[in-house]
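Report on the structure given below.
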Amino acid sequence: MKSEDTPFVGGPLDGRVLPVLIGITGHPPKTYRIPVPGVGGGPSTVVVYRRVQAATSKRLGLHQGWKYEYDPEGGASERRFKLPWSPRKGGATPENNADE
């Protein structure tokens, strides 16, 4: 597997550059989760970082790599990909527009 040195911004890994595995598409994962054990046997926490563009080229505006920024909410704003043929919540027709 290939890896890419990726900088981390904010949070406990601020300023560090770590090798991150690259997927089939040549991009690192969108989220990077790091489990942190609790102090003194307490509950463990998970630190979440989100992938963002590191920079863009001046002439063509192409992206030049990735970096990870700290997400203090810890994935609360995570969106799920929905397919058009997936069933929706609430049935096929909403109750206020149902035929009578």
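The values are calculated or read from the model by the stated rules, or taken from the named source; none is laboratory data. Keep in mind it's a predicted model, so treat the numbers as computed, not measured. So basically every Cβ, Gly included, is an ideal-geometry build from the backbone, and we count neighbours across all protein chains shown. Heads up: the accessible areas ignore ligands, DNA and RNA and are worked out on the full protein's heavy atoms, side chains in. Shrake-Rupley method; radii C 1.70, N 1.55, O 1.52, S 1.80 Å.
Within region 27-45, residues that are touching a residue at least 24 places away in the same chain (Cβ under 8 Å) and closer than 14 Å to Leu13 by Cα sit with their Cβ atoms under 8 Å from residues that are part of a strand (DSSP E or B) and open to solvent by 60 Å² or more (accessible area, probe 1.4 Å), at 6+ positions apart or across chains, in these pairs: Arg33/Val46; Val36/Thr45; Val36/Val46. Note on region 1-59: among residues that are under 10 Å from Tyr70 (Cα atoms) and assigned to a loop (DSSP other than H, G, I, E, B), the one that is most open to solvent (accessible area, probe 1.4 Å) is Asp14. With respect to Pro84, determine if the residue is in a loop (DSSP other than H, G, I, E, B) and modelled with pLDDT of 90 or more. So Pro84 fails the test. Among residues of region 50-62 that are within 30 Å of Ile34 (Cα to Cα), those with a Cβ under 8 angstrom from a residue that is aliphatic (A, V, I, L, M), sequence gap 6+ or separate chain, pair up as Thr56/Leu62. If you scan region 67-76, which residues turn out to be modelled with pLDDT of 90 or more and either touching a Pro at 6+ places or on another chain (Cβ under 6 Å) or in a loop (DSSP other than H, G, I, E, B) (or both)? The answer is Lys67, and nothing else.
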